[in-house]
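**Q** Below: one structure in structure tokens.
The values are calculated or read from the model by the stated rules, or taken from the named source; none is laboratory data. Fair warning: this is a prediction, and the values are worked out from it, not measured in the lab. Cβ placement follows ideal geometry from the backbone for every residue including glycine, while neighbour counts extend to all protein chains displayed.
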Amino acid sequence: MPFVSDRRLRWALNAGVLIYLVLAWLSVDVNWARVSEGMERGLNFIASFLQPDFVSRSGEIFLGLRESLTMTLTSTVIGVALSIPIGLGAARNIAPLPVYLFCRLIIALSRTFQEIIIAIFFVAMVGFGPLAGVITLAFATVGFMAKLLAEDIEDARPDQMEAVRATGASWLQWINYAVQPQVMPRLIGLSLYRLDINFRESAVIGIVGAGGIGATLNTSINRYDYDTSAAILLLVILIVLASEYFSGYVRKWVQ
Amino acid sequence: MPLTETNNTVAWQRREPKQQLLIWAAWFVGLVLFLICWKVISDNTIWEFLEDAGVQGMSLINRMIPPDWSITGSLMRPLWDTLNIATVGTALGVAIAFPLSFLTARNTTPHPLLRGLALTVIVSSRSINALIWAMLLVTIVGPGIFAGMMAIALRSIGFVGKLLYEAIEEIHPEPVEAIQASGAGRAQVLAYSVWPQILPAFVGTAVYRWDINIRESTVLGLVGAGGIGLQMNAAINNLAWGQVATVFVLIFATVILSEWVSAKVRAAVY
């Protein structure tokens, strides 16, 4: 059984992909002379991974990492806290239509724009520094968490919700005893995952002035100080690895 | 069932007292940690800037409305470039991630040592944002679309590789055994028992990553890696917020469209 059962459609798809790839490749002009020139720099960069320099800029690296980590935690906490009401509002089986549409609009806005674009906006609003980064990451977290939370609530079993409602529970009790237990494990898992994403993002929004290790990294790359860049990247990879290990452990414990 | 009895009235509680205490303690520790972190942020913030944040935000939005539609025509080529960066980048990334995922999956890896190596590649690729890859590549291959495509490809390897190797590890062993029993070689087993089982996950993952990559490639221009981000950066530097708004609207439309396409394709294959 072929994957696309209609033979003509299959051929059209194959031909279309081929034509597109040729067209796309034609629109790229690679300056191979420049590439071969840059290759040396590339090799330098790879070589610097073998001898990363943690020492000579250790002060900047430490401050940047501390800022990134604190930004990550605060923005995730604020973002998750905000995404709970918005997620409840964006679940069709709980919220009335106007609330639903409003919450979905917030989610769509937050999800379409890359964190960098949001960061540019907030840096212009509240000035350079980690606060702009926290607001950016919190806003991005809301879009991510609220959407998944709303989908989870929409998939929740209706019989339990009916049962709690039948006991005469108030709205808050209904949410707390019928909805919350059903979505809590996934909410915790997703929050940890988002913590991970926020840390990785905090390493880039510094490029536009929103604080964190990104600014340090950007400076080091612009100065061709690759030994320091390599040290920063290795630290980022290590922290992501550690948090992935940790969150896998917590997720097992929660479920 | 945790029941407490006071004055002959029995009250039901959701949790045992000890468990409840533990949960409260965890909340307390979390709150303290949050406050410490907030203190660090607050120390590094110039709060005076915040006084006119509302005014600044409103004036920014006022300057964005109405968007400057006159530049729409000149944005079409950068938009096409952005789409190309995302699509070709995804294709390259998937092409590299595909063999890598077979090396990483426990049930198809030829050697544990090779598995460790492939896993390292996947993790490093995942930990580093496409924008950082782009910054590095711009200094290596020079500014332009090519650097953007490579950056997207490098970032996609980790994502696609991880989801794909998990899919390979979750396949049913029976078809594999059946093909093996017929006397098939290693490559034949992969082609006739593993591949058909992971095909839906493969297409779904690739399309999902493509959709994410469209979003990512809109900002690669900020560091010189081509696409519509270049125009956005120029407009921001000129403080031409009307033009910035046009770019935002175009990005919004493109991302919504690609998300719709990706959702349709994924619904069709799963």
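**Q** Among the residues of the range A:197-252, what is the count of those that are among the basic types (Lys, Arg), more than 17 Å from the chain's Cα centre (by Cα) and within 10 Å of chain B (Cβ to nearest Cβ)?
**A** Going through the range A:197-252 one residue at a time, the tally reaches 0.
**Q** Sticking with this one: Go through the range B:209-256 and give me each residue that's away from chain A (no Cβ under 11 Å), in contact with a helix residue (DSSP H, G or I) (Cβ under 6 Å, 6 or more places away or on another chain) and not in a helix (DSSP H, G or I).
**A** Once the filter is applied, which keeps residues that are away from chain A (no Cβ under 11 Å), in contact with a helix residue (DSSP H, G or I) (Cβ under 6 Å, 6 or more places away or on another chain) and not in a helix (DSSP H, G or I), the range B:209-256 yields B:Gly224, B:Ala225, B:Gly227.
**Q** In this structure, is A:Ala150 part of a loop (DSSP other than H, G, I, E, B), buried (at least 17 other Cβ atoms within 10 Å of the Cβ) and either touching a Cys at 6+ places or on another chain (Cβ under 9 Å) or modelled with pLDDT under 90 (or both)?
**A** In short, no.
**Q** Scan the range B:123-149 for residues that are among the small types (Gly, Ala, Ser), within 7 Å of chain A (Cβ to nearest Cβ) and more than 25 Å from B:Leu79 (Cβ to Cβ) and jot them down.
**A** Scanning the range B:123-149 gives B:Ser124, B:Ser127.
**Q** Hey, B:Thr87 hits all of (1) more than 19 Å from B:Phe248 (Cα to Cα); (2) more than 9 Å from every other protein chain (Cβ to nearest Cβ); (3) among the β-branched types (Val, Ile, Thr); (4) crowded, with 19+ Cβ neighbours inside 10 Å but one; which does it fall short on?
**A** (2) is the only condition that B:Thr87 fails.
**Q** Within the bounds of the range B:175-183, is there any residue that is closer than 28 Å to A:Ile213 by Cβ and either touching a Gly at 6+ places or on another chain (Cβ under 8 Å) or of a type in the set (Gly, Ala, Ser) (or both)?
**A** The answer is no; no qualifying residue exists.
**Q** Now for a different question. Hey, among B:Met76, B:Met58, which residue is surrounded by 11 or more Cβ atoms within 10 Å (Cβ to Cβ) and in the same structural domain as B:Ala253 (by TED's automatic domain parsing)?
**A** The unique qualifying residue is B:Met76.
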